[in-house]
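> Would you mind keeping the following structure in view while I ask a few things?
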Amino acid sequence: MLNMKVPARSAGTAFIATLAITALAACSSTGTSPSPSATSSGGTVPQISADAFTADFSAMKQLTSLASQGKGMVGVLLPDTTTSARYVTFDAPYLKKAFEAAGLDSSKFKIDNAQGSASTMQTQAEADITAGASVLLVDAIDSGSGAAIEAAASARGVKVVDYDRLVKGGAKDRTYVSFDNVKVGQLIGQGEITCIADWKVSKPNILVMDGDPTDNNAKLFAEGYNGVLKPHFDNGEYVNVGEPAGTWTPSVAQTTFAQQYTAHPNINAVVTPNDDNANAVIAYLQSKQIPAKTFPTTGQDASLSGLQNILKGYQCGTVYKPIYFEAQAAAAAVLYLRAGVPVPSTLVNSKTTDDTAKSDIASVLLTPLWVTSKNMADTVVKDGAVTSSSLCISQVKDACTAAGIQ
């Protein structure tokens with residue numbers, strides 16, 4: 001949600017058929033468990049842990065030997081530019097900075113954005129493989145097209161790292177790098193509960209909104225917030241008005257909310273799984289003259305609009321996922337694989353179940369944070385995720401001052 005996704009799109013059937021045939025030639029390879037003692041070229045393998053990364057990218061300098069010993073280029077495949085600003089504003093520049101901090105020349109990696117098109121991403125992946133990529137870092141638009149890309153990569157000996165969201169049915173020996181997405185959902189759920197109490201919402205009637213059902217992250221977010229809210233629904237303290245079909249498209253989310261609000265005018269709180277969907281819902285509420293601090297909404301991504309909605313009193317909080325952590329962890333995993341060695345156990349700190357592949361995927365899961373006006377100055381502003389000048393527009397200038405944001 002800073003993590004947001006696009007709706008699933010169908011992959012070209014001819015392309016998938018070709019990839020499926022190619023995948024039959026795929027060879028299995030070593031997993032990512034214990035750390036090795038040497039790279040394929042005989043150098044010592046540096047060790048780095050999942051909690052080593054910092055805002056100044058200094059930890060990446062530990063991996064310069066991997067960058068120099070590795071072979072082939074790195075292809076980075078990002079999904080879109082419309083449903084979340086993160087991929088252009090944060091992921092692409094942070095991944096570039098992480099690779100370069102480790103000493104990887106800019107000619108050795110290529111970062112593409114598919115602009116929301118699965119077929120475009122497939123074309124980009126094929127171009128990278130043809131150009132000699134030894135590793136693909138994949139943030140797939142949907143699992144179907146993502147699995148086809150990874151099958152083709154594996155068949156040609158190209159390693160794969162799933163970035164930010166898991167590709168269901170993806171490459172057998174891949175590594176997954178993301179935040180703990182069940183924890184993300186738990187923070188959203190607990191944020192809703194805290195906000196209901198702080199804003200003194202009586203008889204909470206909550207609409208639960210989800211992300212796109214084809215996105216595995218959306219499933220994990222929902223597992224988190226539904227688990228937190230369930231005891232309150234079960235004991236009658238809250239009413240679960242409904243949980244309509246999910247989406248990551250804000251305009252669709254707004255239409256869905258408007259339909260639900262018309263059908264159930266008793267709704268007085270909503271779980272929204274990211275800032276963009278929350279912003280769409282909040283715009284609708286404002287059109288109905290709903291006052292601030294009366295109708296809790298939640299969010300994820302610590303986007304500029306989300307943070308401003310928090311300061312305005314229309315959003316309870318947002319899940320902040322420092323993407324500079326995720327980018328460095330992903331770049332580190334890529335550099336190990338590019339050097340021909342498994343990702344070490346010092347970096348891999350968890351496993352994630354792929355229900356489609358019926359396997360557990362070695363994972364690097366990072367820790368998200370819940371941000372409100374109380375800790376905004378010490379988190380997203382301090383980290384430079386947003387600047388105070390862009391955040392503190394005239395409508396929230398006083399709220400910024402009260403929050404200690406200079």
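The values are calculated or read from the model by the stated rules, or taken from the named source; none is laboratory data. Keep in mind that what you see is a predicted model, and the values were worked out from it rather than measured. Here the Cβ positions follow ideal geometry from the backbone for every residue, glycine too, while neighbour counts run over all protein chains shown. Accessible surface areas use protein heavy atoms only, side chains included; no ligands, DNA or RNA. Shrake-Rupley method; radii C 1.70, N 1.55, O 1.52, S 1.80 Å.
> Given the structure, is Ile267 open to solvent by 10 Å² or more (accessible area, probe 1.4 Å), among the β-branched types (Val, Ile, Thr) and at pLDDT 95 or above?
no
> Please go through the range 88-113 and give me each residue that is crowded, with 24+ Cβ neighbours inside 10 Å and either modelled with pLDDT under 95 or of a type in the set (Asp, Glu) (or both), ordered by number.
Result: Asp91, single match.
> Of all residues in the range 194-223, which are part of a helix (DSSP H, G or I), open to solvent by less than 60 Å² (accessible area, probe 1.4 Å) and not β-branched (Val, Ile, Thr)?
Passing the criteria: Cys195, Asn216, Asn217, Ala218, Leu220, Phe221, Ala222.
> List the strands (runs of 3 or more DSSP E) that sit entirely inside the range 311-402 and contain at least 1 residues that are of a type outside the set (A, V, I, L, M, F, W, C).
Qualifying strands (runs of 3 or more DSSP E): 318-320, 350-354, 359-366.
> Would a scan of the range 284-291 turn up a residue that is open to solvent by 30 Å² or more (accessible area, probe 1.4 Å), within 23 Å of Tyr94 (Cα to Cα) and of a type outside the set (A, V, I, L, M, F, W, C)?
no
> Which residue out of Asn226, Asn205 is within 20 Å of the chain's Cα centre (by Cα) and of a type outside the set (Asp, Glu)?
Asn226
> For the range 146-154, state whether one or more residues are crowded, with 23+ Cβ neighbours inside 10 Å, in a strand (DSSP E or B) and either at pLDDT below 95 or of a type in the set (Gly, Ala, Ser) (or both).
Scanning the range 146-154 turns up no residue that is crowded, with 23+ Cβ neighbours inside 10 Å, in a strand (DSSP E or B) and either at pLDDT below 95 or of a type in the set (Gly, Ala, Ser) (or both).
> Tell me which residues, restricted to the range 212-233, are over 17 Å from Gln186 (Cβ atoms) and among the charged types (D, E, K, R).
Within the range 212-233, Asp212, Asp215 meet the criteria.
> At negative phi, in a strand (DSSP E or B) and not polar (S, T, N, Q), is that true of Asp162?
Criteria met by Asp162.
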